[in-house]
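**Q** I am attaching a structure below and will ask some questions about it afterwards.
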Amino acid sequence: MSLRHILLILSLLAFLSASAGGVLYYASLRQASFQEARQQSAASTKLIHKRLNSLLLEHRKSAATLAAIDALRKALQAGTADDLVLANEVLDLFTATQDADVSYLMDMDGNTIASSNRRDADSFVGQNFAFRPYFQAASEGAKGAYLALGVTSGKRGVYHSSPVHGEPPAHPIGVAVIKASIDEIEKELDLPSEDIVLVTNEQGVIFISSQPQWLFQLAWQPTPDQAGQIARERQFGQGPWQWVGLHQTNPAYVMDRHGERYLMHRAGVDRFPGWEIVYLRSTRLIAQSISGPLLRIVGPSAILLSILVGLSVLVLYRKASSEIGRRRNAEEALRQSETRYRSLYHHTPAMLHSIGQDARLLSVSNFWLETMGYRREEVLGRPLTDFLTPESRTFALNEGIPRFFKDGYIKGVPYGMVKKDGTIIDVMLSAIADRDAEGRIQRSLAVCVDMTDRNRAEAALRVAKEALDRYSKELERQVRERTSEITAILKNTPAVVYMKDVRGRYLMVNSRFEKLYGIEGTDVEGMSDEMLPPAVARPMQYHDQRVLAEGISLQVEEQIRQPDGMHTYLSVKFPLFEEISGRIMGVCGIATDITALKSAQEQLRQLSGSIMASQEKERTAIARELHDELGQLLTAIRMDAVWLQESMRDQDPKAAARAQAICKLVDATIEEVRAMALRLRPGVLDDLGLVEALELFTTEYERRVPMACIFTHHVMPSVDDATATAAYRIAQEALTNVARHALATRAEVRLYMEADTLVLNVWDDGQGFNPDGLSQVQMLGLAGMRERAALVGGTLLVVSSPGNGTSVTLRVPLAQAMGNAA
């Protein structure tokens with residue numbers, strides 16, 4: 001064949017190679033684009049899944065918080081107009097502060113009794129939603145979450161419900177619900193316009209979509225049972241629910257009714273069983289993204305390649321002549337290199353050998369003989385498999401040697417070889433074939449690398465790496481879980497959370513902090529309290545510096561003005577320590593809005609005070625009636641009995657003795673009535689004051705109870721009636737508990753002034769008790785005493801332990817105790 005024909009064939013082969021390369025490049029580029037599209041779809045689905053779950057579950061804990069508010073319980077139990085007004089105000093507050101669509105309260109029949117949209121045309125008040133699953137779940141004591149089209153409002157929403165329990169907590173007495181708008185959630189999701197995103201229920205009804213015209217259509221063709229179930233549940237209105245024409249061709253692709261294929265990725269929706277996110281990306285758009293740029297690149301490249309091929313042929317033709325001369329010189333050099341090869345073969349520090357077509361050894365290197373412990377005449381002509389372990393011999397005969405003579409090479413095959421002394425070594429064998437002029441394999445050129453030590457080290461390293469991988473994965477899982485939990489807490493908690501360094505610069509704030517002060521989190525980092533209003537910054541800075549200076553946690557109340565007025569926050573501040581050095585690295589604060597709680601406590605205190613005042617008035621009236629009315633009647637009866645005794649003494653001695661017994665019975669009754677009136681409301685408390693009332697009570701107590709009761713007091717200033725009544729009732733309750741439970745032999749009542757504070761102390765030497773171990777019923781007496789103390793601005797301290805008696809101490813500041821006495 002002439003040189004010109006050879007060059008022509010080479011040119012044709014170059015063109016074919018370039019064409020094949022272009023086709024393969026396009027195929028690989030298309031495959032890579034589709035793979036990248038799958039990854040992008042998966043990532044986008046995961047991002048939408050994370051954001052959708054966060055938005056759908058944003059009000060889950062808020063619903064539980066709403067259900068625990070006392071105002072809702074009262075509205076369900078009492079149902080007065082004032083209770084409903086207060087419940088509606090709470091619902092309005094939650095709707096405004098939680099950015100909800102509507103908050104409402106239902107009784108156990110499913111009727112809405114209060115709602116934040118009560119003034120709207122589509123008010124829920126009076127509507128019955130007992131058929132809704134979120135009501136059914138909450139009425140059974142569980143939290144509910146539900147996606148549906150509003151029956152009254154006609155708006156899409158996510159409903160979070162929580163049971164409202166009575167006092168004491170038992171079965172639910174109602175259901176509190178917070179509804180958030182799906183329209184707002186769609187805006188927050190910012191769904192892509194170039195792809196199709198669907199959120200469907202288990203029947204395939206499209207509830208959220210980047211294609212508005214598909215809303216309330218069916219993604220997949222329904223069965224008759226599914227269509228009937230959708231109509232019965234009334235979850236998505238009255239229909240009709242048309243099929244949009246999607247059907248799956250395989251698990252990863254769907255096709256619409258126009259024949260266009262889409263790459264599909266799915267993900268479930270947390271806490272909404274059967275709901276899923278469907279992400280669709282057009283395969284046509286994916287292909288277009290690579291075909292256009294490829295044509296713009298390949299066209300000029302093909303022209304350039306043709307020019308290069310022509311120039312290459314010309315250059316090759318000119319060089320071919322000189323190449324023949326160089327080839328002769330190369331043959332001579334090859335003969336010389338063969339001589340050098342033989343020398344290297346026998347002297348190189350590697351196990352080299354050759355086998356023939358019958359797999360017998362034709363040659364071995366000196367290093368091979370030294371390693372295996374044989375002489376050359378002991379191994380040449382023997383099958384290579386004689387020096388392999390049984391397992392390696394089987395593999396070599398069945399697979400290794402046949403594959404070598406088929407492919408002409410073998411690389412990195414592990415074998416076990418047996419030395420002359422029986423020691424087994426691990427080797428890695430690689431070989432190439434030495435062929436004759438017709439291309440037939442004549443012999444092998446093989447090298448064996450001793451891998452024994454390396455394999456042992458790799459096995460040990462592999463075990464260690466597997467252990468390290470397991471530990472790392474477990475550690476990463478724990479970190480992801482903790483990070484996810486902390487992030488969810490910081491994002492969803494209604495509390496205000498922040499972290500500062502030791503110089504007072506903000507390191508982190510949560511979303512509630514940003515909303516409260518109208519500041520973005522990225523703007524806060526590195527800033528100090530100077531960005532806050534002075535009235536908020538000064539106390540916050542003072543408390544934070546105290547925590548940093550003293551290294552202790554602190555609980556304080558802070559006032560923060562908001563658009564609807566001044567709010568009270570309970571702030572818990574604590575230092576942050578470095579794990580290794582233990583140095584303080586910053587401070588963390590968590591503030592909870594307790595404005596509603598403080599207001600409720602104040603209302604409860606006023607109500608309790610009013611009830612106790614009414615009780616005292618009623619006791620005073622009963623005591624007066626016992627003393628004036630019943631006392632006078634008993635005195636008249638005694639006078640008649642005395643007259644009867646005197647009249648019958650001579651005529652009927654038995655009747656006279658009976659009349660005398662009646663006199664004694666009447667005397668005992670008069671004494672008991674007087675004691676009852678004294679216990680209900682001693683007149684001396686109103687007439688002479690607290691000291692004389694306690695003196696009279698302890699004297700009467702000592703007469704009725706078999707123990708010593710000593711009352712001591714200092715010169716006391718006048719105190720108002722409320723304080724005197726509270727002190728008297730606390731002493732009365734404490735001594736009553738001593739008589740009932742203490743098994744004491746001595747009790748002391750002390751009344752004195754300590755600085756500017758009135759102090760009343762009741763002590764006994766009885767058996768004592770554990771204040772933390774009392775039941776709810778047993779705690780009622782102590783709770784009543786503490787309530788009385790709080791109503792007059794005082795405090796009550798109970799100190800007791802088993803075997804050491806009990807001490808009850810009331811302290812009322814002088815300004816409170818004197819009250820209106822002046």
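**Q** Can you give me the relative contact order of the range 346-504 as a percent, contacts being Cα pairs under 8 Å and 6 or more apart?
**A** 18
**Q** May I pose another question? Rounded, prolate or oblate: which one fits the range 211-257, using the alpha carbon gyration tensor with axes a ≥ b ≥ c (rounded when a/c is under 1.5, else prolate when a/b beats b/c, else oblate)?
**A** oblate
**Q** Rounded to the nearest 0.05, what FRET efficiency is calculated for GLU140 and ASP183 with R0 set to 30 Å and r the Cβ-Cβ distance?
**A** Taking R0 as 30 Å, the efficiency between GLU140 and ASP183 is 0.50.
**Q** So, one more: Any of LYS179/LYS515; LYS50/LYS573; LYS411/LYS465; LYS46/LYS500 with alpha carbons more than 23 Å apart? Name them for me.
**A** Correct reply: LYS50/LYS573; LYS411/LYS465; LYS46/LYS500.
**Q** If you don't mind, there's one more thing I want to ask. Can you tell me which of 155-164, 470-479 comes out highest on packing, and rank the rest after it, using the mean Cβ neighbours within 10 Å?
**A** Averaged packing, sorted descending, gives the order 155-164, 470-479.
**Q** Another one. Order of 481-488, 805-812 by packing, highest average Cβ count within 10 Å first?
**A** Going from most to least packed, we get 805-812, 481-488.
**Q** May I ask you to evaluate 6.51 cos²θ - 1.76 cosθ + 1.60, the Karplus curve with θ = phi - 60°, for each residue of the range 119-129 and list the ³J(HN,Hα) values in order in whole Hz, giving x for glycine and proline?
**A** These are the phi-based 3J(HN,Hα) values: 8, 7, 5, 9, 4, 7, 4, x, 7, 10, 10 Hz.
**Q** Can you pull the one-decimal nm distance between simple spin-label points at LYS411 and GLU702, each 7 Å off the Cα toward Cβ?
**A** Simple spin-label model gives 11.1 nm for this pair.
**Q** Still on this structure: Filter the trypsin sites (Lys or Arg not before Pro) in the range 552-601 down to the DSSP loop ones having no more than 12 other Cβ atoms within 10 Å, then list what survives.
**A** ARG583
**Q** Under a crude label model (7 Å from the Cα following the beta-carbon direction), how far is THR394 from LEU304 in nanometres?
**A** 5.8
**Q** Between GLN559 and THR97, what is 0.36 nm times their sequence separation minus the Cα-Cα distance? Round to one decimal in nm.
**A** Residue separation times 0.36 nm, minus the Cα-Cα distance, leaves 164.6 nm.
**Q** Using label points projected 7 Å from each Cα along Cα→Cβ, tell me how many nm separate LYS491 and LYS598, to one decimal.
**A** Each label point is offset 7 Å from its Cα along the Cβ direction, giving 3.2 nm.
**Q** Let me check against my output: what whole-number percent is the relative contact order of the chain, with C-alpha pairs under 8 Å and at least 6 apart?
**A** Across the chain, relative contact order equals 5 percent.
**Q** Here's something else I'd like to know. Which FRET efficiency, nearest 0.05, do ASP721 and TYR752 yield, Cβ-Cβ r, R0 22 Å?
**A** 0.60
**Q** Suppose a student asked you for the relative contact order of the range 482-612, using Cα pairs under 8 Å spaced at least 6 residues apart; what percent would you report?
**A** So the answer I get is 22 percent.
**Q** Moving on. With a ≥ b ≥ c taken as the square roots of the eigenvalues of the C-alpha gyration tensor of the range 95-173, please select rounded if a/c is under 1.5 and otherwise prolate if a/b is larger than b/c or oblate if it is not?
**A** Here the range 95-173 falls in the prolate category.
**Q** Charges only on Cβ, +1 for Lys and Arg, -1 for Asp and Glu: so what's the dipole of the chain about the Cα centre, in debye to the nearest 20?
**A** 5020
**Q** Let me ask something additional. Using 10 Å bins from zero, what percent of all Cα-Cα pairs in the range 362-498 falls into each bin?
**A** Calculated over all Cα pairs of the range 362-498, the distribution is 10, 27, 21, 11, 9, 8, 7, 5, 1 percent.
**Q** Where the accessible area of the range 34-156 is counted over protein heavy atoms with a 1.4 Å probe, how much of it, in %, is carbon and sulfur?
**A** 50
**Q** Can you give the Rg/Rh ratio of the range 55-128, where Rg is from the C-alpha atoms and Rh is the Kirkwood radius?
**A** 0.95
**Q** A further question on this structure: For a quick check of your reading of the filter: which GluC sites (Glu not before Pro) in the range 494-552 sit in a DSSP loop and have no more than 11 other Cβ atoms within 10 Å?
**A** Listed in order of number, the matching sites are GLU520.
**Q** Per 0.36 nm of contour for each residue apart, how much would the distance between ASN250 and GLN39 grow if the chain were fully extended, relative to their Cα-Cα spacing?
**A** Extending this stretch completely gives an extra 74.2 nm.
**Q** Enumerate by residue number the GluC sites (Glu not before Pro) in the range 387-445 meeting two conditions: DSSP loop (anything except H, G, I, E, B), and at most 12 other Cβ atoms within 10 Å of the site's Cβ.
**A** Taking the range 387-445 and a limit of 12 other Cβ atoms within 10 Å, the loop GluC sites (Glu not before Pro) found are GLU438.
**Q** Determine the gain in length on full extension of the stretch LYS654-TYR542; use 0.36 nm per residue of separation and subtract their C-alpha separation, reporting nm with one decimal.
**A** 31.5 nm
**Q** Then there's this: Between VAL799 and GLN77, what FRET efficiency follows from the Cβ-Cβ distance if R0 is 30 Å, with the result rounded to 0.05?
**A** Working from the Cβ atoms, E equals 0.20.
**Q** Continuing with the same structure: Charges on Cβ only, +1 for Lys and Arg, -1 for Asp and Glu, centred on the Cα centroid of the range 319-475; of VAL413, ALA330, SER472, which one is farthest towards the dipole's positive end?
**A** Value: ALA330.
**Q** Go through (i) 171, 76, 62; (ii) 116, 86, 64; (iii) 113, 63, 49 and flag the label whose value is the computed Cα extents along the principal axes in Å for this structure.
**A** Label (i) holds the value from this structure.
**Q** Same structure, new question: If we count every other residue with Cβ under 15 angstrom of HIS171's Cβ, Lys/Arg +1 and Asp/Glu -1, where does the sum land?
**A** My count for the surroundings of HIS171 gives -3.
**Q** With the Cα gyration tensor of the range 502-572 giving a ≥ b ≥ c as the square roots of its eigenvalues, does the rule (a/c under 1.5 for rounded; else a/b larger than b/c for prolate; else oblate) give rounded, prolate or oblate?
**A** The shape class here is oblate.
The values are calculated or read from the model by the stated rules, or taken from the named source; none is laboratory data. Everything numeric here is computed off the predicted structure, so don't read it as measured data. Note that each Cβ is placed from the backbone with ideal geometry, even for glycine, and that neighbours are counted across all protein chains shown. Ligands, DNA and RNA are stripped out before the accessible areas are found, and what is left, the full protein with its side chains, is counted by its heavy atoms. Shrake-Rupley method; radii C 1.70, N 1.55, O 1.52, S 1.80 Å.
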